[in-house]
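Quick notes on the structure that follows.
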Amino acid sequence: MTETVAVLPAPRPHIRRVPLDRPWVWLTAGWRDLVAVPGVSLAYGLVPVVAGWLAVLLMLRLDLPYLVLPLSAGFFFVGPFLAVGLYEVSRRREAGSVDDGGTTLLAWRRNPDQIALMGLLLLLFHLAWMRLAQLLFALFEWQTVSSWDRFTDVIWTSSRSLPFLALGITLGGVLAAVAFAIGAFSMPYLLDRRDSNMFEAIATSVAAVRLNLRPMALWAGLIVLLVVLGMMPGLLGLLVTVPLVAYATWHAYRDVVRFD
């Protein structure tokens, strides 16, 4: 019998312990969803691509090239909120419902107040990361770099590059780890359980990560890898990697969080 650990009083969730290689199962299930509904999937994937292009152009237009990288990294904080409609695609397919792109756009209505609050919390993490990045660049006196080419040259050739990157990765990693623990399953939980609240969802997500540290660490690494690979070809790879990660996240949630 599969071991589960209760999080909250009945009938609230139990957390199932899963083996280390389980993230590959989630990705396989996510790929099946993507192939089954390519139109809706690619339409959702186009949103972060266009938003990313506009954000980068804005930063360059405002002569703030040093904010392009932290702004791109901020996607990991707000991604779960942006993927609510994709979670709904997987939920509806699991329930045997007809896939309807229009309906998934209104997925947030299943639990509007709590989903909005969770989205606000994730946005605050993003803003905190952006502010931290600004302070970091100011500390190393790189805030006046005038162009993207000049910025990339300075960041890799300056004598301060190594301590700058080390400190940035450390601080960003700590913030990202906290955000991942809080947000790994919170949005799918709020979408799935219409009577739930943000605090319950966060408690469940943190417990799921804590009780499955190794597979969840692998899952976090795979998410980073897939999103970074998606960003490399001018963000176009996000067309596929964003829906793939979102669908796989739903299946991870259903695999780890149980109510029976």
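For residue 134 and residue 43, a Förster radius of 30 Å and the Cβ-Cβ distance give a FRET efficiency of 0.35, rounded to the nearest 0.05. The peptide list 16-27, 163-174, put in order of mean Cβ contacts within 10 Å with the highest first, becomes 16-27, 163-174. Sequence-ordered 3J(HN,Hα) estimates for region 41-54 from the Karplus curve with 6.51, -1.76 and 1.60 and θ = phi - 60° stand at 4, 5, 5, 5, x, 5, 4, x, 5, 5, 4, x, 4, 5 Hz, glycine and proline given as x. Stretched out straight at 0.36 nm per residue, the stretch from residue 57 to residue 95 would grow longer than its current Cα-Cα span by 9.6 nm.
Each label was represented as a point 7 Å from its Cα along the Cα-to-Cβ direction; for residue 28 and residue 210 these points are 3.1 nm apart.
The slack between residue 123 and residue 162, meaning 0.36 nm per residue of separation minus the straight C-alpha distance, is 11.1 nm. Given q = 0.09, 0.11, 0.14 Å⁻¹, what are the Debye log10 I(q)/I(0) values for region 20-254, with equal point scatterers placed on the Cα positions and solvent ignored? Calculated log10 I(q)/I(0) at the listed q: -0.39, -0.58, -0.92.
Could you check how many percent of all C-alpha pairs in region 169-212 are farther apart than 17 Å? Across region 169-212, Cα pairs with separations above 17 Å total 33 percent.
Tally Lys/Arg at +1 and Asp/Glu at -1 over every other residue whose Cβ is under 12 Å from the Cβ of residue 216; what's the total? Around residue 216, the charge tally is +3.
Basic side chains Lys and Arg get +1 at the Cβ, acidic Asp and Glu get -1 at the Cβ, and with that the dipole of region 192-260 about its Cα centre reaches some 120 debye.
Every number in this text was worked out from the coordinates using simple rules, so none of it is lab data. Keep in mind that this is a model prediction, so the values were computed, not measured. For neighbour counting, all protein chains shown are included, and Cβ atoms are generated from backbone atoms with ideal geometry for every residue, glycine included.
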